[in-house]
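Participant: Okay, here's the structure, questions in a sec.
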Amino acid sequence: MKQMIVLFIAIAIACVEATNVTVDWNRPTGTNLTILPSLQVVAHSSLVPTSPIHDQVFRSLAALKPKMARYASWFPYPRQAVAELDPPTQGYTCTPMSIVLGQVEPVLLTCGPPIDSHLKPTIASITFASFGTPRGYCGNFTIDPTCDSGEKVASYVSAMCVGKADCWLDPAWFENPCPSKQQTPYFAVQARCSVESAIVTHWNFTVPDSVFGEFWEAVEGNTSNPIVNFCTQPAWLFSPTDWSYQQQEDVPVYSYTKGQATSQQNFSALADYYGRLLSWYTLGGFINEAGFYEYSGHYLNITTYEVFNEVDYEHGFTAQTYTLAFDAIVRGIRKWADPDKSIKFVGLSLPNIDDTAIVASWANYFLNASNHDADVRDSLDFIGYHAYPTNGPYTSDPKSMEQLFAYADDFVDNKVKTIDEIIKKLSPTTQTLLDETGTDMDNVLTPGLPPPKNNPTYWVASGAYFAYMYARLATNSNTTVRVFSQSQLMDGPPQEPSVTMLDWTTGLGTARYWVLKLLIDSFAVGDVFVSTSVTNTTALYAQGWLEAKGGKRSLLVINKLSVAQDVFFNGEQSCAALVVDTTTGLGPARSLLCDKSIITLLPFATAVVTFDR
């Protein structure tokens with residue numbers, strides 16, 4: 001049996017020399033320290049139970065069997081992301097501030113549960129009532145005279161609510177009073193409670209549970225160590241005069257994150273919110289601000305929690321104010337949900353549009369232990385930042401996609417290397433989670449047309465880019481990167497269709513999904529990489545490895561060009577390949593036998609080739 005395999009690859013276009021790939025199976029070059037490639041799941045309309053593709057989306061997620069998948073709630077869907085959308089009040093109560101898109105369902109007005117067996121707060125009087133487009137906020141409402149249903153609203157609300165602990169107000173009782181029928185009116189009601197000391201809270205986990213719970217079940221979260229990030233904070237903690245939100249959980253609106261983070265922020269309230277949130281999911285419930293126990297029945301094994309997302313673009317955090325928030329939230333989670341300090345934490349998660357200098361500046365501040373409170377300095381477990389190609393004009397022309405690999409090289413050789421050096425200098429035990437990487441190129445797609453018919457080459461090229469960057473990181477024994485996740489499971493019009501891994505009309509996997517599955521099924525921690533040389537690295541990437549279990553010989557091959565390449569295997573060695581390309585569409589990698597034959601790698605194809613020993 002030969003110990004050396006030489007693959008002769010002839011590029012089937014003019015002016016490109018044949019590419020030779022040489023694999024020396026007896027010459028190990030390193031061990032795969034990186035966790036299996038994974039993915040990010042972001043709050044989206046397709047994830048709620050009423051979505052027509054809901055079931056297929058979660059079947060597709062479960063089929064990946066990912067480790068350390070990232071769950072990120074997202075501010076366009078605050079009802080999915082935030083469990084306390086309205087702040088607690090004392091002695092008075094208001095209807096929820098779900099007014100951005102108007103009110104289409106009945107709304108609850110309540111003075112809360114009994115304080116004890118003798119004090120049962122009821123709604124004593126109505127101090128403000130409007131059905132229209134009133135201005136202001138709870139405690140400071142004013143009527144908009146251009147759109148209001150008048151005095152009959154107060155009579156209706158009083159009849160429905162006074163003397164009761166709670167009541168439901170139905171917008172169907174009133175016609176739309178707005179001059180423009182495009183506006184949807186809503187209730188804004190403020191009431192005084194019969195017990196002035198009563199604290200009224202508005203915790204509601206119905207929608208967060210429905211989405212996060214299905215994610216947890218699909219990825220078998222109690223054993224796969226997901227990265228959990230309820231990244232959207234209650235807006236009322238930052239904007240005490242406007243924390244309005246849309247009522248529908250499946251309609252995106254981008255105006256929720258109001259208010260600026262400052263050093264005078266109420267970090268204690270922020271800490272208690274996240275502590276209670278984690279306690280809901282890990283310890284079966286929590287004691288709310290009114291002193292009552294909110295029971296969940298959840299006892300999830302959350303091992304990794306990420307504090308916020310793209311923090312310099314939500315509420316305008318600086319490195320200094322973010323570090324204050326991070327410390328407070330770690331302390332709050334440990335107080336309410338993790339007294340044994342078993343949960344590990346992820347910080348920063350900076351966006352891809354931040355250049356290396358910005359990420360380095362944040363890392364230098366955040367990883368300096370002296371900038372953290374002494375009791376939480378042991379929480380600098382992970383940091384993260386994101387990667388979406390920004391290195392040039394990407395168009396519907398397939399050749400423009402060849403730039404993806406140059407971006408990956410620059411990202412690994414410059415940004416990752418720079419941040420790795422900062423980590424090793426300031427906080428050597430910290431590791432990196434690149435848990436949001438992908439391609440955001442909506443301009444290359446035909447608006448509205450679903451994949452894969454919508455520029456089929458794009459989906460394949462995006463998958464190849466992810467596979468290439470994963471291989472570059474996994475073979476780098478000097479990096480601190482331990483998780484590499486593709487973004488994102490589900491998206492589509494009118495948001496960012498090009499980042500989706502699933503077809504937004506069916507929930508079936510695009511080439512991006514099937515490349516990820518190919519990598520998950522093929523690579524494992526402990527695999528041994530072997531010496532692999534390529535004479536034309538512009539045209540092709542190849543990397544051989546010996547699998548940790550059984551020693552099977554495999555070769556990852558990626559066509560980096562927008563044209564097909566004919567691959568010839570020399571010698572008597574028989575082999576087989578799994579290939580994702582433009583012919584696989586919404587299906588899995590296709591199988592090919594390549595014993596003494598030619599394999600044609602179509603543009604940007606990703607293949608895993610296995611050889612007999």
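Participant: For residues in the range 79-99 being at pLDDT 85 or above and among the polar types (S, T, N, Q), which is nearest to GLN183 (Cα to Cα)?
Facilitator: Selected residue: THR95.
Participant: Report yes if VAL346 is buried (at least 18 other Cβ atoms within 10 Å of the Cβ), touching an Asp or Glu at 6+ places or on another chain (Cβ under 7 Å) and not acidic (Asp, Glu), otherwise no.
Facilitator: So VAL346 fits the description; yes.
Participant: Tally time: how many residues in the range 65-86 are in contact with a helix residue (DSSP H, G or I) (Cβ under 6 Å, 6 or more places away or on another chain) and under 30 Å from VAL525 (Cα atoms)?
Facilitator: Number of matching residues: 3.
Participant: Based on this model, can you work out whether SER554 counts as assigned by TED's automatic domain parsing to the domain that holds LEU602 and at pLDDT below 95?
Facilitator: yes
Participant: Additional query: Looking at ASP373, ASP327, ASP312, ASP340, which is the one that is among the charged types (D, E, K, R) and touching a Lys or Arg at 6+ places or on another chain (Cβ under 8 Å)?
Facilitator: Working: ASP327 fails: touching a Lys or Arg at 6+ places or on another chain (Cβ under 8 Å); ASP312 fails: touching a Lys or Arg at 6+ places or on another chain (Cβ under 8 Å); ASP340 fails: touching a Lys or Arg at 6+ places or on another chain (Cβ under 8 Å).
None of the others qualify; the one that does is ASP373.
Participant: Where residues in the range 586-601 are assigned to a loop (DSSP other than H, G, I, E, B) and at pLDDT 95 or above, which of them is surrounded by the fewest Cβ atoms within 10 Å (Cβ to Cβ)?
Facilitator: The selected residue is GLY587.
Participant: Sort out which residues of the range 423-442 are charged (D, E, K, R) and touching a Gly at 6+ places or on another chain (Cβ under 9 Å), and write them in order of number.
Facilitator: Residues satisfying the conditions are ASP435, GLU436.
Participant: Name the residue that is surrounded by the fewest Cβ atoms within 10 Å (Cβ to Cβ), counting only residues in the range 56-79 that are aromatic (Phe, Trp, Tyr) and assigned to a loop (DSSP other than H, G, I, E, B). Quick ask: steps written out before the conclusion?
Facilitator: So the first thing to find is which residues in the range 56-79 are aromatic (Phe, Trp, Tyr), and the list is 58, 71, 74-75, 77.
From what's left, assigned to a loop (DSSP other than H, G, I, E, B): 74-75, 77.
Values: TRP74: 19, PHE75: 23, TYR77: 27.
Among those residues, the one meeting the criterion is TRP74.
Participant: Would you pick out the residues in the range 100-147 that are small (Gly, Ala, Ser) and modelled with pLDDT under 90?
Facilitator: GLY102, GLY112, SER117, GLY136, GLY139
Participant: Can you name the condition, by its number, that GLY347 falls short on among (1) over 30 Å from TYR407 (Cα atoms); (2) within 18 Å of the chain's Cα centre (by Cα)?
Facilitator: The single condition GLY347 does not satisfy is (1).
Participant: Give the range 349-359 a look and list any residue that's aliphatic (A, V, I, L, M) and surrounded by 16 or more Cβ atoms within 10 Å (Cβ to Cβ), or say none. Before the answer, list the steps.
Facilitator: Pass one, the range 349-359, residues aliphatic (A, V, I, L, M): 350, 353, 357-359.
Hits for the range 349-359 are LEU350, VAL359.
Participant: So, one more: Would you confirm, using the coordinates I've provided, whether SER130 is polar (S, T, N, Q), surrounded by fewer than 17 Cβ atoms within 10 Å (Cβ to Cβ) and outside the structural domain of SER244 (by TED's automatic domain parsing)?
Facilitator: no
Participant: With a cut-off of at least 3 residues that are surrounded by 15 or more Cβ atoms within 10 Å (Cβ to Cβ) and within 17 Å of the chain's Cα centre (by Cα), name the strands (runs of 3 or more DSSP E) lying wholly within the range 206-303.
Facilitator: Those strands (runs of 3 or more DSSP E) span 227-229.
Participant: Taking the criterion of being surrounded by 23 or more Cβ atoms within 10 Å (Cβ to Cβ), in contact (Cβ under 8 Å) with a residue 12 or more places away in the chain and touching a strand residue (DSSP E or B) at 6+ places or on another chain (Cβ under 7 Å), would at least one residue in the range 329-338 satisfy it?
Facilitator: Yes, that holds for at least one residue.
Participant: Turning to a different aspect of this structure: Give just the number: which of (1) more than 30 Å from ASN225 (Cβ to Cβ); (2) modelled with pLDDT under 85 does THR34 not satisfy?
Facilitator: Answer for THR34: the failing condition is (1).
Participant: When the residues of the range 424-438 are filtered to those that are in contact with a Ser or Thr (Cβ under 8 Å, 6 or more places away or on another chain) and in a loop (DSSP other than H, G, I, E, B), which remaining residue is nearest to ASN309 (Cα to Cα)?
Facilitator: Once the filter is applied, the top-ranked residue is GLY438.
Participant: If you don't mind, another one. So which residues in the range 356-385 are in a helix (DSSP H, G or I), touching a Leu at 6+ places or on another chain (Cβ under 9 Å) and among the aromatic types (Phe, Trp, Tyr), if there are any at all?
Facilitator: TRP362, PHE366
Participant: Quick check on this structure: which one of LYS549, LYS560 is touching a Leu at 6+ places or on another chain (Cβ under 7 Å) and farther than 16 Å from PHE611 by Cβ?
Facilitator: LYS560
Participant: Would you check which residues across the range 486-527 are more than 25 Å from ILE35 (Cα to Cα), among the polar types (S, T, N, Q) and surrounded by fewer than 22 Cβ atoms within 10 Å (Cβ to Cβ) and list them?
Facilitator: Residues satisfying the conditions are GLN495, THR505, THR506.
Participant: Oh, and also: Please state which one of TYR245, TYR254, TYR281, TYR293 is touching a Gly at 6+ places or on another chain (Cβ under 8 Å) and either closer than 26 Å to VAL41 by Cα or assigned by TED's automatic domain parsing to the domain that holds PRO78 (or both).
Facilitator: TYR293
Participant: When you scan the range 154-185, how many residues do you find that are more than 26 Å from ALA198 (Cα to Cα) and either part of a loop (DSSP other than H, G, I, E, B) or touching a Gly at 6+ places or on another chain (Cβ under 6 Å) (or both)?
Facilitator: The qualifying residues number 12.
Participant: Let me ask something else about it. What about ALA198, is it more than 22 Å from the chain's Cα centre (by Cα), surrounded by 20 or more Cβ atoms within 10 Å (Cβ to Cβ) and at negative phi?
Facilitator: Values: more than 22 Å from the chain's Cα centre (by Cα): yes; surrounded by 20 or more Cβ atoms within 10 Å (Cβ to Cβ): yes; at negative phi: yes.
So ALA198 fits the description; yes.
Participant: OK, next. Kindly establish whether SER210 is under 29 Å from PRO76 (Cα atoms), out of contact with any strand residue (DSSP E or B) (no Cβ under 9 Å at 6 or more places or on another chain) and in contact (Cβ under 8 Å) with a residue 40 or more places away in the chain.
Facilitator: Here the answer is yes, as SER210 does meet what is asked.
The values are calculated or read from the model by the stated rules, or taken from the named source; none is laboratory data. Nothing here was measured: the structure is a model prediction, and the numbers come from that model. Every residue, glycine among them, receives a Cβ derived from its backbone with ideal geometry; neighbour counts consider all protein chains shown.
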